[in-house]
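Comments concern the structure below.
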Amino acid sequence: VAPATPVCDVPSSAMTGTVVQLSCKETEGSPPSEYQWYKNGVALLEKTGTGSARTPNITYTMNKKSGTLLFNTVTKNDTGEYFCEASNGVGLSQKCSVKRMQV
């Protein structure tokens, strides 16, 4: 079953230095969807904490299975327009509407 349009939860504003979690979920896809977050139209890298992905300016952890994007300490650089895409290899991937987060 192709994924449904995911529901994105993006806070409209956040204080610098706080923990912020963005979430993305859809329940119709089978097999279960994987989720990819985008900021300003650019795919965010999945940070695993090993190898070349350990870039010093990455302040988030993205979990493609659960659809969460977690900022340990948000900065003004994290302000932007976010959306996520759900895909499971069946049918077309689905995106939620873009939401702006102001830090």
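On a full-extension model of 0.36 nm per residue, what is the gain between residue 72 and residue 102, subtracting their alpha-carbon distance, rounded to one decimal in nm? It would help to have the intermediate numbers written out before the result.
On the way: separation 30, 0.36 × 30 = 10.80 nm, distance 1.58 nm.
Length difference between fully extended and current span is 9.2 nm.
By how many nm would the segment from residue 61 to residue 1 lengthen if fully extended, with 0.36 nm per residue of separation less the alpha-carbon distance? Don't jump to the answer; show the numbers that get you there.
Working: separation 60, 0.36 × 60 = 21.60 nm, distance 2.80 nm.
Value of the extension gain: 18.8 nm.
In the chain, which longest range has no trypsin sites (Lys or Arg not before Pro) that are both DSSP loop (not H, G, I, E or B) and surrounded by at most 12 other Cβ atoms within 10 Å?
On the way: sites that count: 54, 65.
In short, 1-53.
So, with a 1.4 angstrom probe, what is the percent of accessible area on region 7-101 that is carbon and sulfur? Each step should come with its number before you reach the end.
Details: 2870 of 5450 Å².
Roughly 53 percent, rounded to a whole number.
Using 0.36 nm per residue, how much length does the chain from residue 81 to residue 19 gain when fully extended, once their Cα-Cα distance is taken away? List each step's numbers first, then the result.
Working: separation 62, 0.36 × 62 = 22.32 nm, distance 1.78 nm.
Using 0.36 nm per residue and subtracting the Cα-Cα distance, I get 20.5 nm.
So if I average 1/r over every pair of distinct C-alpha atoms in the chain and take the inverse, what Kirkwood radius in Å does that give?
Values: mean 1/r = 0.0721 Å⁻¹.
Radius from the Kirkwood sum: 13.9 Å.
The values are calculated or read from the model by the stated rules, or taken from the named source; none is laboratory data. These numbers were taken from a predicted model, which means no experiment stands behind them. Every residue, glycine among them, receives a Cβ derived from its backbone with ideal geometry; neighbour counts consider all protein chains shown. Just the protein is used for accessible areas: all its heavy atoms, side chains included, with ligands, DNA and RNA removed. Shrake-Rupley method; radii C 1.70, N 1.55, O 1.52, S 1.80 Å.
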